[in-house]
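> Next up is a structure, given as structure tokens.
Only the coordinates and a few stated rules stand behind these numbers; no lab work does. As the structure is a computational prediction, the values presented were derived from the model and not from experiment. Using ideal geometry, Cβ is built from the backbone for each residue, glycine included, and neighbour counts are taken over all protein chains shown.
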Amino acid sequence: TQLEKGSGQQIIKLNPTNSGNKIELQNLQFVPGKSILLDASNAELERLYLSLMMNPQQRIEVGGHINVPGKTPEELTDKQHQLSVDRAKAVFDFLVEKGISKKRLAYKGYGNSEMIYSEPTTDAEKSRNRRVEVKILD
């Protein structure tokens, strides 16, 4: 898909978006232990925004996940679980500030209930557990 931008053109790769599909947002970076997005996240956030602009009927849920191995979701502290909620809400807030209707968006914190690696041993595995995903609602 191509989108004209200014005097040049920008190529944007869009993946198929069927209801229920989950898309892991790449290159989202937060201040460690907080829900403050770092500037390095801007390109990925803009891609998500443009995708929603090009699909004006699409509704999504932004899901936040954290890396806390060795604890059941019920054993998480409120602060640990809240971090997953707050990170999802940070992406939600970005999209709303850019003009995407709240009616098209939802957010949810999943805590550590859907870790990709239950016993992460590398920084890469820990990073994959700490993620934000977009689920296509319709």
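> Go ahead and run the numbers for FRET between residue 126 and residue 39, Cβ-Cβ distance against an R0 of 22 Å, rounding to 0.05.
For residue 126 and residue 39, the calculated efficiency is 0.50.
> Moving to a separate point now. Can you tell me the 0 to 90 degree angle between the C-alpha axis of helix 78-97 and the longest principal axis of the chain, rounded to 10?
10
> Ok, one more. Let me know the charge dipole size of segment 8-138 about its Cα centre in debye, to the nearest 20, where only the beta-carbon of Lys, Arg (+1) and Asp, Glu (-1) is charged.
360
> Give, in nm to one decimal, the length gained when the segment between residue 117 and residue 26 is fully stretched (0.36 nm per residue of separation minus the Cα-Cα distance).
Fully extending the segment from residue 117 to residue 26 adds 31.1 nm.
> Tell me the label-point distance for the pair residue 135, residue 106, using the 7 Å Cα-to-Cβ offset, in nm and rounded to one decimal.
Computed distance between label sites residue 135 and residue 106 equals 0.7 nm.
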